[in-house]
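Trainee: I am attaching a structure below and will ask some questions about it afterwards.
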Amino acid sequence: MSLATNLPRVGEGNINLVQLSYRDYLSVEEINAIEHEVAILGQRQAAGIEAMKLVQKNRGWISDDCLYAVADLLQMPASQLEGIATFYNLIYRQPVGRYVIHLCDSISCHLTGFAQVSEAIKEYLGIDYGETTSDGMFTLLTNACLGSCDKAPAMMIGEDHFEHLTPQSATDILRQLCAENDKDELNLRE
Amino acid sequence: MDKSQPDNPDTSNPAAAQVTVHIDGEPVKLRQGDNLLEAMLSEKYNLPYFCWHPAMGSIGACRQCAVTQFADQEQQKGKTIMACMTPVSDGMYIGLNHQPAAEFREQVIAAMMTNHPHDCPVCGEGGACHLQDMTVMTGHSMRRYQGQKRTFSNQYLGPLINHEMNRCITCYRCERFYKDYAGGNDFSACGSKNQVYFGRQQDGILESEFSGNLVEVCPTGVFTDKPFSAHYTRKWDLQSAPSVCQGCAVGCNISVGERYGSVRRVVNRYHHDINGYFICDKGRFGFSYVNNDSRIETARGIELSSEFKPHQLAIALARYKSADNFGIGSERASFESNAALKHMVGSENFCSGLTDYQHFCLDIIRSVMSAKQPPSVNEIEQSDCIIVIDEDLTQSAARIALAVRQATRNAAFDKAEQLGIPRWQDAAVRTAGQACRSNLFLLQSKSSKLDDVATYAEPLHPAAIIKLLQGLGNANQPDSISDMPFDNGLASLLQEIKTALQHAKRPLFIAGCSAWQLETLQAVEQLALQAPPHWQFAFLPDAVNTMGLASLIDQHTMSLEQLIAKSLQQSTVIVLEHSLSTLTRAQQYQLAEQSQTLIVIDHNQSLLSELADVVLPSAPFTESDGSSVNYMGLVQPFFAVKPPNSPIHPAWHWCLLLDSTFGRQNLANITTLSQLRAYLAEHDSSFPDMSRLLAEQLLFKSARQPMRYSGRTAMFANQTVHEPKSPQDTESPFSFSMEGAGRTDVQGQALPKAFSWAPGWNSEQSVYKYQTRIGGRMNHRAEAITVARGADKNLAWQQRKSDTANPGVLSFNGLLIRRLSHLFANDALTDDIAEFKLLAPVACLLVNPADEANLAATSATHVTLISDDKTSMTVRLITCDDVARGTAYLHHPLLNLHNAIAQVSDIVQASSDDIARQQQGQSEQLQSILNQKSRALSRLQKRDQQIPIQIVGEGR
């Protein structure tokens, strides 16, 4: 919305008139990647999901400033983009850990031991749903259905699906991810 | 406008056939192609719904309007269908009270109630809640759910709207209204599943001019009226009266609610041709000056007891008797008040209260109106090509802007129709329509909130707009338009508009007076007078009753300048509900000093009332009966919601009372409004016969108070144990009590309602019970009376036209500086409302970046405007390219008090002292507004304990 149609109001006090520009916030690579999506989709606003996924890949999550910058780039109202961001559960509007665990809690998983798996993960990580471990490694979320009802219980971490979970296998996977992460860091240091 | 005229082809299928549908075994005639919900409601069935809205169509989201459809008369089981998504077809068998469907509807409510809080006793919606009504209607009377309820944080949405998201039932109507219908873009649905949140991206003032409609659109208490909630009364305790919004010339119909002597709220009152289901925020919240500290409640300058007799007034005023008496009328005073004043002082001594400049504008409007009947708001919505000329409709006549926005959807509706999609299939029509829009050309110098749906919205210099209009007039001549400086591509724009006009079936031009650009109006006039018959023209005058005042203007009527130029030493000047804010401060003083006696009749204080010798307290629209004439020339009566407390009288009544002292004694025997109207109709050719508007209805009164109005006999118990007689109202079709004649008169003709209510329907949704059909006219007799078109001209000012400078704009260094039009800062009366002060823009000057150098050094943040009399205004300098080059827009609160822009002699860069002072002033101002708000509230609450016992004399 332009400034002339949305003037600062008396009730808002002495507010600053500076508006956030996407150029100040997004990197050139991000802008180019988003413009590429726009070119494919035709309508700028249609690129909202892809744009946020791209930015999230670089930054881990979509902060308010990210949201405003992307909305500015796509020439759409921030509120509309917020509607999209909060609708999709793979767009994170809060800081998340390095690994986001989407544990499926749909009916098939419930029938095949979801409760025990869920308990084991919570106990192993020491966190509840919606929380992140203090070392910033894991965030635990539920997921409505991962489409693995025939291989339930299931969870998704990053782009990997893990199926036929047991309390043991679930914690093993997390342990393994920790170990890999440690190795990565070691490599990085060397 | 005539009653006999058939309903507009506004909703689907104008020529739809009536077909027979069997509902619970009864054959009923319904319109083919309507959705079943709409059709059944049109037949006054009680069928619960949430997500459907008569103006917004169906989306089938809430599953509440389930009914059973049977294959034939014999079938027992049938299938459950959603009535709102099912088109009516011939020979349908529908089970409304069929057990499975009824149970389904009850279970939908049960599911909603798992999250809906049980806070009805503290909810502002309680007692007028669609959700409550539907819950009762479906028979869901027990809550079995024991689990946790979902909770949300609420947002601050500004001073007008409360937010309580926990009550949400996710019907999506708020988002569909705010975003899809009204074009707001700071509101959306967030989240998914059981966690859907409706609100802004972050806390802040809702930007849309129509945010108040959320209060009525929301079926429950998520969005409630904030000022009303602060000083609250249940709907069943509100005394109501039908009224007409005084905010602008559109004349939207409203219903005003009162309790304990103070006006509490305004809601939309459905009018098929004008406001339909929606009003703007100025209309909904712009009434509260009637409760303000600034109300004049006693006479000043004379000794007058509150229960005075007419002869006592004459004695008190005797010393002011003078040789000559002049009356100044007003655009905001009622039609009757202006006419009474004119007849009191005589037409030779009547001044319109308009400046020369306003007279010129009005002259053009009337000339266009006599050639072209302005379309109603409903008709505006039917236009397929609209050209808005130099007027920000969203700020000066917001309801029209909303209609224009709907009109741009006509192309999408046509496309949907071709695809066989019914008009009421909202989601499908929007998907099919996408960016397909009817033409809307915004020829404006500053961008507006309609730009997003416009074909063309680039800011143009006013001179370029005039060029374009002249170009449009020369339909047959080759385009000779040359490009203006700063505005390239005018020729191609002209061609584009011409092509659009050629293809349009119902093209419409809309112009207004807020831009103070006479040349533009003249160009529109020329265009209108030679336009093809199917081109429509709508002109928007300044104020609520400008057209009523205009029809009283004859060849003797003076402008303000003409009156001031007279020698008034021996004269009494009577000013009727006018603060003369169109004059400069110097002119206001001049008038006060020159005249022997200045009598101001007004309801709120102004600079002028401070200067007056005598101030007489008049009743605002909430306390007096009267009528106003809207931009179409339609005479609309409004009714007092409470009688005024003596010595407050309606302005027309003061005119009658003053007649013996200052008048020509023609009005001597008149004491009531109907007598006055009869007299005026007989003696003034410009005053219409309004008897048929009211005569029959006066016999069969409707109640102003609902049946559950509590405390009728105990309200005054802390003051007196005697129950006062309820005020008598012999002049309107409404009584100040719970007693009414019922729904119909003896002939079975429906009676008008003071408020919308029907058994089982406590919310405003009940209006459907009183419509001929959904979206149609109201079923009570509604005579449409219009004022005469065409005009006598005042030749004296006609001759002065050419050499009068435009006082409303300022030329500075080649820059045309205009007043900024803003919904919440348009006039002195509503400027006094605390909420509007908060919503008004900060004092500022808007310029194009290219013009910045003409005013101050680059990157200056403020400029100071210096006046002739060495006063100054420091304003924030805002540069943006949404303003045309060569033009600038100024906003300062002073501009609404007097014509400060006419006195500006220089503009300089603000000194640091000026800026510091301005910012200091701004913070102090904010604090004082908040103090004013809390002070006003505690004063009103205190007054609730001491209700004035309304003694109604003969004076009403």
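Trainee: In segment B:841-859, how many residues are away from chain A (no Cβ under 13 Å) and either crowded, with 16+ Cβ neighbours inside 10 Å or touching a Phe, Trp or Tyr at 6+ places or on another chain (Cβ under 6 Å) (or both)?
Mentor: Residues in segment B:841-859 being away from chain A (no Cβ under 13 Å) and either crowded, with 16+ Cβ neighbours inside 10 Å or touching a Phe, Trp or Tyr at 6+ places or on another chain (Cβ under 6 Å) (or both): 4 in total.
Trainee: Anything in segment B:185-204 that is more than 7 Å from chain A (Cβ to nearest Cβ), within 26 Å of the chain's Cα centre (by Cα) and at pLDDT below 95? List them, or say none.
Mentor: Within segment B:185-204, just B:GLY204 meets the criteria.
Trainee: Condition check: within 14 Å of chain B (Cβ to nearest Cβ), among the hydrophobic types (A, V, I, L, M, F, W, C) and in a helix (DSSP H, G or I). Does A:ALA69 satisfy that?
Mentor: On the way: within 14 Å of chain B (Cβ to nearest Cβ): yes; among the hydrophobic types (A, V, I, L, M, F, W, C): yes; in a helix (DSSP H, G or I): yes.
Spelling it out, A:ALA69 is indeed within 14 Å of chain B (Cβ to nearest Cβ), among the hydrophobic types (A, V, I, L, M, F, W, C) and in a helix (DSSP H, G or I).
Trainee: Looking only at segment B:619-651, count every residue that is in contact with a His (Cβ under 7 Å, 6 or more places away or on another chain) and within 20 Å of B:ARG284 (Cβ to Cβ) and tell me the total.
Mentor: Counting residues in segment B:619-651 that are in contact with a His (Cβ under 7 Å, 6 or more places away or on another chain) and within 20 Å of B:ARG284 (Cβ to Cβ) gives 1.
Trainee: Is there any pair with a first residue in segment B:83-98 that is hydroxyl-bearing (Ser, Thr, Tyr) and a second that is surrounded by fewer than 22 Cβ atoms within 10 Å (Cβ to Cβ) and not in a strand (DSSP E or B) whose Cβ atoms are under 6 Å apart and which are 6 or more apart or on different chains, and what are they?
Mentor: So the pair list comes out empty.
Trainee: Next question. Of the residues in segment B:255-282, how many are within 24 Å of B:GLN382 (Cβ to Cβ) and either among the polar types (S, T, N, Q) or in contact with a Ser or Thr (Cβ under 7 Å, 6 or more places away or on another chain) (or both)?
Mentor: 5
Yes or no, residue by residue, for (1) among the acidic types (Asp, Glu); (2) more than 14 Å from the chain's Cα centre (by Cα); (3) in the same structural domain as B:GLN771 (by TED's automatic domain parsing); (4) farther than 27 Å from B:ASN630 by Cα:
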position: B:GLU216; (1), (2), (3), (4): yes, yes, no, no
position: B:PRO242; (1), (2), (3), (4): no, no, no, no
position: B:ARG264; (1), (2), (3), (4): no, yes, yes, no
position: B:VAL267; (1), (2), (3), (4): no, no, yes, no
position: B:TYR270; (1), (2), (3), (4): no, no, yes, no
position: B:ASP273; (1), (2), (3), (4): yes, no, yes, no
position: B:TYR277; (1), (2), (3), (4): no, no, yes, no
position: B:ILE302; (1), (2), (3), (4): no, yes, yes, yes
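Trainee: For segment B:656-677, give me each residue that is touching a Lys or Arg at 6+ places or on another chain (Cβ under 9 Å) and buried (at least 22 other Cβ atoms within 10 Å of the Cβ).
Mentor: The first filter runs over segment B:656-677 and keeps only residues touching a Lys or Arg at 6+ places or on another chain (Cβ under 9 Å), leaving B:661-662, B:672-673.
Across segment B:656-677, the qualifying residues are B:PHE662, B:LEU673.
Trainee: Right, next: Name the residue that is nearest to B:SER685 (Cα to Cα), counting only residues in segment B:555-599 that are among the β-branched types (Val, Ile, Thr) and in contact with a Ser or Thr (Cβ under 6 Å, 6 or more places away or on another chain).
Mentor: Here the answer is B:THR557.
Trainee: Given the conditions (1) modelled with pLDDT of 90 or more; (2) touching a Gly at 6+ places or on another chain (Cβ under 9 Å); (3) part of a loop (DSSP other than H, G, I, E, B); (4) within 30 Å of B:ALA454 (Cα to Cα), and given that B:HIS578 satisfies all but one, which numbered condition is not satisfied?
Mentor: B:HIS578 satisfies every listed condition except (4).
Trainee: Quick one: count up the residues across segment B:872-887 that are closer than 24 Å to B:ASP913 by Cβ and either out of contact with any Cys (no Cβ under 9 Å at 6 or more places or on another chain) or of a type in the set (D, E, K, R) (or both).
Mentor: 5
Trainee: Can you say whether B:ARG399 is touching a Cys at 6+ places or on another chain (Cβ under 8 Å), in contact (Cβ under 8 Å) with a residue 12 or more places away in the chain and not hydrophobic (A, V, I, L, M, F, W, C), as far as the supplied structure shows?
Mentor: It is true that B:ARG399 is touching a Cys at 6+ places or on another chain (Cβ under 8 Å), in contact (Cβ under 8 Å) with a residue 12 or more places away in the chain and not hydrophobic (A, V, I, L, M, F, W, C).
Trainee: Another question about this same structure. When you scan segment B:867-889, do you find a residue that is within 14 Å of another protein chain (Cβ to nearest Cβ), under 22 Å from B:LEU607 (Cα atoms) and not hydroxyl-bearing (Ser, Thr, Tyr), even just one?
Mentor: Within segment B:867-889, not a single residue is within 14 Å of another protein chain (Cβ to nearest Cβ), under 22 Å from B:LEU607 (Cα atoms) and not hydroxyl-bearing (Ser, Thr, Tyr).
Trainee: Okay, next question. Would you pick out the residues in segment B:680-717 that are at pLDDT 85 or above, more than 20 Å from B:VAL629 (Cβ to Cβ) and not in a loop (DSSP other than H, G, I, E, B)?
Mentor: Across segment B:680-717, the qualifying residues are B:SER702, B:ALA703.
Okay, residues lined up against (1) in contact with an Asp or Glu (Cβ under 9 Å, 6 or more places away or on another chain); (2) β-branched (Val, Ile, Thr); (3) over 23 Å from A:GLY11 (Cβ atoms); (4) loosely packed, with under 13 Cβ neighbours inside 10 Å:
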{"position": "B:ASP881", "(1), (2), (3), (4)": "no, no, yes, no"}
{"position": "B:ALA888", "(1), (2), (3), (4)": "yes, no, yes, no"}
{"position": "B:ARG917", "(1), (2), (3), (4)": "no, no, no, no"}
{"position": "B:GLN922", "(1), (2), (3), (4)": "no, no, no, no"}
{"position": "B:LYS942", "(1), (2), (3), (4)": "no, no, yes, yes"}
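Trainee: Return yes or no: is B:THR431 part of a helix (DSSP H, G or I), within 23 Å of B:ARG176 (Cα to Cα), among the β-branched types (Val, Ile, Thr) and free of Cβ contacts under 8 Å to residues at least 40 places away in the same chain?
Mentor: Yes.
Trainee: With within 14 Å of chain A (Cβ to nearest Cβ) and under 24 Å from the mean Cα position of the chain (by Cα) as the only criterion, which of B:SER153, B:SER208 stands out? Working first, answer last.
Mentor: Numbers: B:SER153 fails: under 24 Å from the mean Cα position of the chain (by Cα).
So the residue among B:SER153, B:SER208 that is within 14 Å of chain A (Cβ to nearest Cβ) and under 24 Å from the mean Cα position of the chain (by Cα) is B:SER208.
Trainee: Right, another one. B:GLN69: more than 19 Å from B:HIS140 (Cβ to Cβ), in contact with a strand residue (DSSP E or B) (Cβ under 8 Å, 6 or more places away or on another chain) and in a loop (DSSP other than H, G, I, E, B), yes or no?
Mentor: No; evaluated as a whole, the condition is false for this residue.
Trainee: Only residues in segment B:407-419 that are within 11 Å of B:ALA435 (Cβ to Cβ) count as the first member; pair them with residues that are of a type in the set (Ser, Thr, Tyr) and not in a helix (DSSP H, G or I), Cβ under 6 angstrom, at least 6 apart or cross-chain, and list the lot.
Mentor: B:THR408/B:SER438; B:ALA411/B:SER438
The values are calculated or read from the model by the stated rules, or taken from the named source; none is laboratory data. All of these numbers come straight from a predicted model, not from anything done at the bench. Cβ atoms come from the backbone with ideal geometry, glycine included; neighbour counts cover every protein chain shown.
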